[in-house]
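Undergrad: Structure incoming, see below.
The values are calculated or read from the model by the stated rules, or taken from the named source; none is laboratory data. Computed from a predicted structure; not experimentally measured. Glycine also receives a Cβ, built like all others from the backbone with ideal geometry; neighbour counts cover every protein chain displayed. Just the protein is used for accessible areas: all its heavy atoms, side chains included, with ligands, DNA and RNA removed. Shrake-Rupley method; radii C 1.70, N 1.55, O 1.52, S 1.80 Å.
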Amino acid sequence: MPYLFSYGTLQKRKVQIETFGRILEGEEDVLTGYRLEMLEITDPEVLRKSNQTFHPILKFSGSPEDEISGVLFTVTEEELLQADEYEVKDYKRIETVFKSGKHGFIYVGK
């Protein structure tokens, strides 16, 4: 099963239930070489689910000093597609390696 790294609103129970129909299971992990910026969300459905106007977005820095803490969730292939629908057009999903050595997906800025 694939891993999906969350550093923002996908950690919220309400967002998980409304997006995936369940609470996700995961463990803390760290992403190296990225920094966080904030993105203003205008999609009404995402705003309703998250109850947040500004969402964090990852930007690649390449610096080993830049680290983002988050949760690495175990998801199904179908849930990856559901996450793709939740994320707005400013995000794209890519695969990477985490500090734990596990491989998984992240959403970064386009």
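Undergrad: If VAL46 meets every condition in (1) within 30 Å of PRO64 (Cα to Cα); (2) in contact with a helix residue (DSSP H, G or I) (Cβ under 7 Å, 6 or more places away or on another chain); (3) not aromatic (Phe, Trp, Tyr) apart from one, which number is that one?
TA: The one condition VAL46 does not meet is (1).
Undergrad: Since LEU47 meets every condition but one in (1) assigned to a helix (DSSP H, G or I); (2) touching a residue at least 40 places away in the same chain (Cβ under 8 Å), which condition does it not meet?
TA: (2)
Undergrad: Is it the case that some residue within the stretch 91-107 is part of a strand (DSSP E or B), at pLDDT below 95 and crowded, with 16+ Cβ neighbours inside 10 Å?
TA: Within the stretch 91-107 (the criterion being part of a strand (DSSP E or B), at pLDDT below 95 and crowded, with 16+ Cβ neighbours inside 10 Å), the answer is yes, since at least one residue qualifies.
Undergrad: Next question. Here is a check on your reading of the model: is MET1 at pLDDT below 95 and either open to solvent by less than 50 Å² (accessible area, probe 1.4 Å) or in a loop (DSSP other than H, G, I, E, B) (or both)? Even if it seems obvious, please write down each step before you answer.
TA: On the way: at pLDDT below 95: yes; either open to solvent by less than 50 Å² (accessible area, probe 1.4 Å) or in a loop (DSSP other than H, G, I, E, B) (or both): yes.
So MET1 fits the description; yes.
Undergrad: Restricting attention to the stretch 34-44, and to residues there that are of a type in the set (A, V, I, L, M) and in contact (Cβ under 8 Å) with a residue 40 or more places away in the chain, which single residue is farthest from SER6 (Cα to Cα)?
TA: Selected residue: ILE41.
Undergrad: Any chance the stretch 8-27 includes a residue that's surrounded by 15 or more Cβ atoms within 10 Å (Cβ to Cβ), in a strand (DSSP E or B) and either without any contact (Cβ under 8 Å) to a residue 40 or more places away in the chain or not hydroxyl-bearing (Ser, Thr, Tyr) (or both)?
TA: Within the stretch 8-27 (the criterion being surrounded by 15 or more Cβ atoms within 10 Å (Cβ to Cβ), in a strand (DSSP E or B) and either without any contact (Cβ under 8 Å) to a residue 40 or more places away in the chain or not hydroxyl-bearing (Ser, Thr, Tyr) (or both)), the answer is yes, since at least one residue qualifies.
Undergrad: Separate question: Which members of the stretch 5-35 meet the condition of being touching a Pro at 6+ places or on another chain (Cβ under 9 Å) and more than 16 Å from PHE98 (Cα to Cα)?
TA: If the condition is that a residue be touching a Pro at 6+ places or on another chain (Cβ under 9 Å) and more than 16 Å from PHE98 (Cα to Cα), then GLY8, THR9 are the ones that fit.
Undergrad: Mind listing whichever residues of the stretch 62-88 are surrounded by 15 or more Cβ atoms within 10 Å (Cβ to Cβ), of a type in the set (D, E, K, R) and either closer than 23 Å to GLU18 by Cα or at pLDDT below 95 (or both)?
TA: GLU79, GLU87
Undergrad: Sticking with this structure for a sec: Select from the stretch 20-49 the residues that are at pLDDT below 95 and of a type in the set (Val, Ile, Thr) and list them in ascending order.
TA: Within the stretch 20-49, ILE41, THR42, VAL46 qualify.
Undergrad: When the stretch 28-61 is examined, which residues are found to be open to solvent by 30 Å² or more (accessible area, probe 1.4 Å), under 15 Å from ILE94 (Cα atoms) and not hydroxyl-bearing (Ser, Thr, Tyr)?
TA: LYS59, PHE60
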